[in-house]
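Derivation of every value follows stated rules applied to the coordinates shown; laboratory data play no part. Computed from a predicted structure; not experimentally measured. Cβ placement follows ideal geometry from the backbone for every residue including glycine, while neighbour counts extend to all protein chains displayed.
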Amino acid sequence: MDGKGRETMDRITFSRRTRVLVIAGTAAAVTLAGLSQLNAAPKTAPAEVSVGKKLEGFKLKDTTGKTRALAEFKDKKALVFVFLGTSCPISNSYAAPLSKLEASYRDKGVQILGINANPDETLATVSKHAEEYRLSFPVLKDADQSLANRLAVKVTPEAFVLDQSRVLRYRGRLDDSYTSRTKQKKDPDCGEIQAAVDAILSGKQVATPVTSAFGCSLVRPEKSAASATAKVTYHRDVAPILQERCQSCHRPGQVAPFALLSYSDAKSWATEIKEFATTRQMPPWKAEPGHGEFRDVRRMSDTEIATLATWADTGAPEGDPKTAPPAKNWGDGWSLGKPDLVLTMPVDYNVAATGKDDFRCFVLPTGLTEDKDVIAVEVRPGNPRVLHHVLNFVDTSGRGRALDEKDPEPGYNSGPGGVGFLPSGAVGGWAPGNMPRFLPEGMGRALPKNSDLVIQVHYHKTGKPEVDRTSIGLYFAKTPVKQRVQTLPLTNFQINIPPGEARHTLTQSVTLPFASTAIAITPHMHLLGREMKVTATYPDGKVVPMIFIKDWDYRWQDTYVYKEPLVLPKGTKLDLSAYFDNSSANPLNPNNPPKRVTFGEQTTDEMCFAFIEYVTDGPTGLRRGGLFGSARPNAQPGPLRRLIQAARQQR
């Protein structure tokens, strides 16, 4: 999540020797209504300005209503235009660094401007965006896209550097932080803007005058009206797919960086919709088909993907609005009704505007005076824009509180590997698209009295400061449960991955000494994990696939709930096979150069687990232990604790 398509960046490097930068983007302070182009459209459109050609004058209104002309910057030694988009996550990742740049060069003869060339972004939207992102530079509105057309702008963000004679000397990306729309380097080198401006100021030629900019497509108005008789149209064919597969996240206030509720929304992102759908990057669903049947599958069919691709390739026609499905009503209340117990983070947590993803743990005391059985859990994100996932663990040892006390900030840092200690149990979690459900009748998860919930919250950055205060709703069994959900850890602790090894395989097998029924499975690896497959072989030799993750990504950890409980007879053999990539070619490798990696709880260590949630019949079905041993304090350690203790001794 090293493939940080959903992470924002604040690692842009600019030289302090730069004297003048003019940033043309949508992100900027906006205060007046009605932005318009001042110069009358010429009868013949000006020719495109390529590198080495001079840009002729223009007049645009800024957001204060003042007319700004190219000529007023005649004393500046260099100008830099960067086209940005308010709803483009890549553009937004540059908002804070550009504001910092403006502040640094404000007294050094630097003039920073912004230009909004996106036709569907209203003044109100741009104004709100500028305020939220705390942008310090003014913005110009290229309402008819005349400047964007003269510079042949293709994506946002895209930079253009001109010398004092207004000759275009550079065009392309701002720096090399991104290697594609979804691939971001961990340690970017010197930016292309810096190199180009330094060359201009020193009277030299720009060494690399053209680079490829990665970002969101700049939408141009359709040349002709879309026909309702087109083969694929938005209202009839595309909207139903977006409603079912995308809108749970892609709507205002939710985790996705832009909305897909209207034709205008979708048309602006038609190219990206096709790309992310055809490569199956979105919607996020890691379980391969044919290897277990699960609930809430966030995976498009081949037909749906073909429909989206055809729509994008044919110009994204709108079609007849009368053929559109009714708009979906997204409720904001507790979907399962009023919980029996609501636990809320004790204080607000401030999420930084930019930087790496944040894995933060918060301790929520239950205050229970008697043991309970949990039959459902519902997570209500305080700020869905920044929440990637939430995992809920039970702590009866007080170790979570101890870690919290050592950290001066709210909660404590854990990294994606876990909560920093072995919990006493688990009671579900949340990720975008997961729907809360009650366990089958008669089943429950143990939650002992005086216990704490320790929730691990994965935050990602949006490019502006955010605040979160998430709540957890717990639903308790009203009658005694017949089967208590337990967890079996299928794992291999003998992890010893040599540096540079691109395909290191681990396997593990266990034969069940009792009959059980699996209801869910949770694969878990860290940054080097690439694949995991789990199968069940019945005593009669029949092989039943349980799950196959072909493209593991620690940012999209999930609990996969079986559509129908999977019966596992006594004597069933469970097999796990996984492989890890510890080579320098792995963009998620935390070590450069690669180092030997062994088992451990830290992010830079590794794990190899398939946590299988199950129930049994008879007396064993009511034990409170299972995975972690008894959930009661001072009890004997369970199988996972004993295995980890043994692994540590062997190390």
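Under 1.5 on a/c is rounded, so check that first for the range 59-217, then, if it is not, pick prolate when a/b is larger than b/c and oblate when it is not; a ≥ b ≥ c are the square roots of the alpha carbon gyration tensor eigenvalues.
Working: a/c = 1.43, a/b = 1.09, b/c = 1.32.
In terms of gyration-tensor shape, rounded.
Rounded to the nearest 0.05, what FRET efficiency do T323 and V544 have when you use their Cβ-Cβ distance and R0 = 56 Å?
For R0 = 56 Å, the calculated efficiency reads 0.85.
Which Cα, out of N92, S127, Q111, lies furthest along the positive dipole direction of the range 92-138 (beta carbon charges, K/R +1, D/E -1)?
The residue sitting farthest along the positive end of the dipole is Q111.
If packing is taken as the average count of other Cβ atoms within 10 Å, what order do 320-328, 511-519 fall into, highest mean first?
Ranked from most to least packed, the peptides come out as 511-519, 320-328.
Excluding same-chain residues fewer than 8 positions from K204, which lysines have a Cα within less than 23 Å of its Cα?
The reachable lysines, counting only those whose Cα sits under 23 Å from K204, are K53, K54, K74, K76, K77, K108.
Rounded to the nearest 20 Debye, what is the dipole magnitude of the range 341-481 about its Cα centre when Lys and Arg each give +1 and Asp and Glu each give -1 at the C-beta? If you can, show how the numbers build up before the last one.
Working: 15 positive and 16 negative charges, 48 e Å.
Dipole of the range 341-481, to the nearest 20 debye: 240 debye.
Near K464, within a Cβ-to-Cβ distance under 9 Å, what is the net charge of the other residues, with Lys and Arg +1 and Asp and Glu -1? Write out the running numbers ahead of the final one.
Details: positive: R134, K461; negative: E132, E466.
Combined, the nearby Lys, Arg, Asp and Glu give 0.
With charges set only on the Cβ (+1 for Lys and Arg, -1 for Asp and Glu), what does the dipole of the range 234-323 come to about its Cα centre, in debye to the nearest 20?
Working: 11 positive and 13 negative charges, 47 e Å.
Here the size comes out at about 220 debye.
For the range 341-481, what mean projected area does the convex hull of the alpha carbons give, in nm²? Kindly include the intermediate steps, with their values, before the conclusion.
On the way: hull surface 33.1 nm².
About 8.3 nm², averaged over all directions.
Please give the net charge around R401, taking every other residue with its beta carbon less than 14 angstrom from that of R401, where Lys and Arg add +1 and Asp and Glu add -1.
-3
I'd like the distance separating the alpha-carbon centroids of the range 377-392 and the range 486-565, in whole Å.
A separation of 25 Å, based on Cα centres.
What are the ³J(HN,Hα) values, in whole Hz, obtained from phi via the Karplus relation 6.51 cos²θ - 1.76 cosθ + 1.60 with θ = phi - 60°, for each residue of the range 341-346 in sequence order, with x given for Gly and Pro?
8, 10, 10, 10, 3, x
Using a cut-off of 13 Å between beta-carbons, work out the net charge of the residues near V167 (Lys and Arg +1, Asp and Glu -1, V167 not included). Display every interim value, and only then the final one.
Details: positive: K53, K54, K77, R166, R169, R171; negative: E56, D163.
Net of charged neighbours comes to +4.
Over all alpha-carbon pairs in the range 234-323, figure out the percentage whose distance exceeds 19 Å. Walk me through the intermediate numbers first.
Working: 1473 of 4005 pairs.
Everything past 19 Å amounts to 37 percent.
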